[in-house]
Structures are given as structure tokens and as C-alpha cells.
Amino acid sequence: MLVQLVEKPANEITALAQALLIPEVLKHLPDHWQPVTNAEAALNWLNEQQAIFHEIQYQHQPAGLVLIHQPTPDTWYLGFMLLPKFWGQGIASTVVKQVQTLAQQAAVKQIVAGASADNIASQKLLEKCGFALSQSDDQVYAQWVPDNGVA
């Protein structure tokens, strides 16, 4: 499977963000992530995230987006979205593993992610990738600590 993460600035992924910020994709994501209807709204949304963006490319075509927010030098908050036509193909697992590798290379001590309580697929994915899960109300939190002697 040819999956690549390509770091890009917000202004280069506006069209992809607009394609992703649709009700079908957003139904399991945070409530404050709302659908957008134009490129300007997509760019504004990207800028509000204060994140590092990686375009997910599958077989050399845009398939989704990874957001990495770094509140401290040793912690990453991970978010990711795939276009619906790429769901169920194992791409998300590959993406999470690639992010874990990047984190180890950057000496990050933990990655934190979240999933809504009804998003069982994301919970299983995170667990499969070595994240420890905990639940609070309607949200599931996941934490991964690399096994590289850093943590």
C-alpha cells in the first residue's frame, strides 16, 4: 500500500480541507468542527487549528489530512480525516503508524488522540496501534507512549 504523509502549509490544502469538512466525515469528530461551504471558510478553519498539517496521499492522490498540534515540545495531539472513498482500506492504520515513527524521530514522549464514544472504528484503530484508551462521557481519549527510551 502506497501511503505517504506530505507536510504542507494551510494555503496548499484548502481544497482538500473543504472536501473533508462535510457532514459524513464530521459526524464522529468534535462538535466545533463544522462543515464549510467555500475555500475561504476552509482556509479559516485550517488557520484556527494551529497545527502542522500533513496531506495523506494514497497512490499519489490526496486521500485525507493529518493534524498535529504540539502544545509542548514532547506532546503531540493527533487528528486525522479521510475522504469517505478511502475508508475501510487500512489507510488510517498506516497513517497512525507513520505518525508514531515521526514522533519517535522527534523524541516526542506521548501522542494524544480522541474519538467520539460512538466511533468504534477509530477506537479499535487507535488500540490496534498501541494507544491506551480511557472514556469520559461521550469522548474516548487515547494515549501512546513510544517505546524508545524517551518516555
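Numbers below:
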{"item": "Lone qualifier among 60, 69 - being at pLDDT 90 or above and at positive phi", "result": "60"}
{"item": "Residues located in the stretch 118-136, provided they are more than 13 Å from residue 100 (Cβ to Cβ), of a type outside the set (A, V, I, L, M, F, W, C) and surrounded by 13 or more Cβ atoms within 10 Å (Cβ to Cβ)", "result": "119, 122, 123, 124, 127"}
{"item": "Residue 115, sole failed condition from (1) surrounded by 15 or more Cβ atoms within 10 Å (Cβ to Cβ); (2) over 12 Å from the mean Cα position of the chain (by Cα); (3) small (Gly, Ala, Ser)", "result": "(2)"}
{"item": "When residues of the stretch 46-88 are limited to those that are in contact with a Gly (Cβ under 6 Å, 6 or more places away or on another chain) and closer than 23 Å to residue 105 by Cβ, the one surrounded by the most Cβ atoms within 10 Å (Cβ to Cβ)", "result": "56"}
{"item": "Unmet requirement for residue 31, which otherwise passes all of (1) surrounded by fewer than 16 Cβ atoms within 10 Å (Cβ to Cβ); (2) at pLDDT 90 or above; (3) within 21 Å of residue 120 (Cβ to Cβ); (4) under 16 Å from the mean Cα position of the chain (by Cα)", "result": "(2)"}
{"item": "Some residue of the stretch 9-32 being of a type in the set (Ser, Thr, Tyr) and more than 22 Å from residue 100 (Cβ to Cβ)", "result": "yes"}
{"item": "Of all residues making up the stretch 1-28, the number that are crowded, with 18+ Cβ neighbours inside 10 Å and charged (D, E, K, R)", "result": "0"}
{"item": "Cβ pairs under 7 Å, 6+ apart, first in the stretch 104-126 and more than 13 Å from residue 143 (Cβ to Cβ) and at pLDDT below 90, second of a type outside the set (Ser, Thr, Tyr) and surrounded by 15 or more Cβ atoms within 10 Å (Cβ to Cβ)", "result": "116/28; 117/140; 118/28; 119/28"}
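The values are calculated or read from the model by the stated rules, or taken from the named source; none is laboratory data. For clarity, every value in this text was computed on a predicted model and none was experimentally measured. Reconstructed Cβ throughout: ideal geometry from the backbone, glycine too, with neighbour counts over all protein chains shown.
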